[in-house]
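*Asks:* Below you will find the structure I want to go over with you.
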Ligand code: FPP
């Protein structure tokens, strides 16, 4: 019975905290089902989900994760009942107000991916404030995706790039993936190494379409409000247990527009052959990107 699955699972395997992924992205799914199973309104599931986001984000900061990106509200979520949308907006407001009051202590850097303009003005102002206050912080960077959709992001980037071409600031003959990534909401942020989706759904649902090109995926039946630190350990341990993949000719794993990726420990090692793509000129693992 999925409801009790978390309790039945084996203890979480050990995580190598010196070899954490640099960037984890999470689709916080399953709030509605979590509430339904308890005979509660869906909004109670979102409240539990928001609380869990706080717990997991704090834990990610504590273990030294560099980037955490969460899908909080998609471009499609406006189609939900007004009451549910309002409740999610209220939870976001509550979270941001609390985040502001703890920012100096936590030093978490907050960013937002998505077009914020359709959000309530008060929420837009809070997003700007948290971004402004935390922009110099060096702790974990938390990217909250709000009114975000991967296709929407790509269309916006394509439009902005086309405009730059028309106005002579860009030349299509010289377009590279790295250059194009500079037009995305995620510019300057390395691509996620690990994308986690709880709740048993096996889809990307328009989340970080460009950025997750080379990400590892971890799916679990556990619903987001029940996704504990131990679940996070399971996801990270699964990631760490997978054969490392050499990510690209340049030795970079991502096209985040300015940061190098986690190529160093994501290289393929063949016994006796050195490190693929590394300075020692080891052999490459072909094809499996
Ligand atoms: C998906 O579950 C979840 C959402 C659409 C909203 C996520 C929002 C929060 C966790 C609260 C606010 C966020 C922050 C960052 C404070 P679902 O409703 O689709 O669940 P279901 O698939 O079980 O119906």
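*Asks:* Would you please report the Å³ per residue occupied by the convex hull of the alpha carbon atoms in the stretch 130-257?
*Replies:* Numbers: hull volume 19.7 nm³, N = 128.
So the per-residue Cα hull volume is 154 Å³.
*Asks:* Please compute the modelled spin-label separation between residue 132 and residue 217, points set 7 Å along Cα→Cβ, answer in nm with one decimal.
*Replies:* Modelled inter-label distance: 4.0 nm.
*Asks:* Suppose R0 equals 41 Å; then what is the FRET efficiency for residue 124 and residue 228 from their Cβ-Cβ distance, rounded to the nearest 0.05? Kindly include the intermediate steps, with their values, before the conclusion.
*Replies:* On the way: r = 32 Å, r/R0 = 0.79.
Once rounded, the FRET efficiency stands at 0.80.
*Asks:* Please compute the Kirkwood hydrodynamic radius of the stretch 171-236 from all pairs of different C-alpha atoms, in Å with one decimal.
*Replies:* Numbers: mean 1/r = 0.0727 Å⁻¹.
Mean inverse Cα-Cα distance, inverted, gives 13.7 Å.
*Asks:* Could you quote the convex hull projected area for the stretch 55-176, Cα atoms only and averaged over all directions, in nm²? All intermediate terms of the calculation are to be shown ahead of the outcome.
*Replies:* Working: hull surface 37.7 nm².
Averaged projected hull area, Cα only: 9.4 nm².
*Asks:* At 0.36 nm per residue, minus the direct Cα-Cα distance, what do residue 101 and residue 151 gain on full extension? Give it in nm, one decimal, please.
*Replies:* On the way: separation 50, 0.36 × 50 = 18.00 nm, distance 3.42 nm.
Extending this stretch completely gives an extra 14.6 nm.
*Asks:* Also, quick follow-up: Multiplying the sequence separation of residue 179 and residue 166 by 0.36 nm and subtracting their Cα-Cα distance, what value in nm do you get?
*Replies:* Numbers: separation 13, 0.36 × 13 = 4.68 nm, distance 1.64 nm.
My answer for the length gained is 3.0 nm.
*Asks:* Taking 35 Å as R0, compute the FRET efficiency from the Cβ-Cβ separation of residue 37 and residue 187 and round it to 0.05.
*Replies:* In this case the efficiency is close to 0.30.
*Asks:* Modelled label-to-label distance, residue 115 and residue 80, 7 Å Cα→beta-carbon offset: nm?
*Replies:* In this crude spin-label approximation the distance works out to 2.0 nm.
*Asks:* Using only alpha carbon pairs under 8 Å that are at least six residues apart, calculate the relative contact order of the stretch 1-94 and give it in whole percent. Working shown, then result.
*Replies:* Details: 63 pairs, mean separation 31.2, N = 94.
Across the stretch 1-94, relative contact order equals 33 percent.
Since every read-out is calculated from the coordinates, none of them should be taken as a lab result. Please read these numbers as outputs of a predicted model, since none were measured by experiment. Note that each Cβ is placed from the backbone with ideal geometry, even for glycine, and that neighbours are counted across all protein chains shown.
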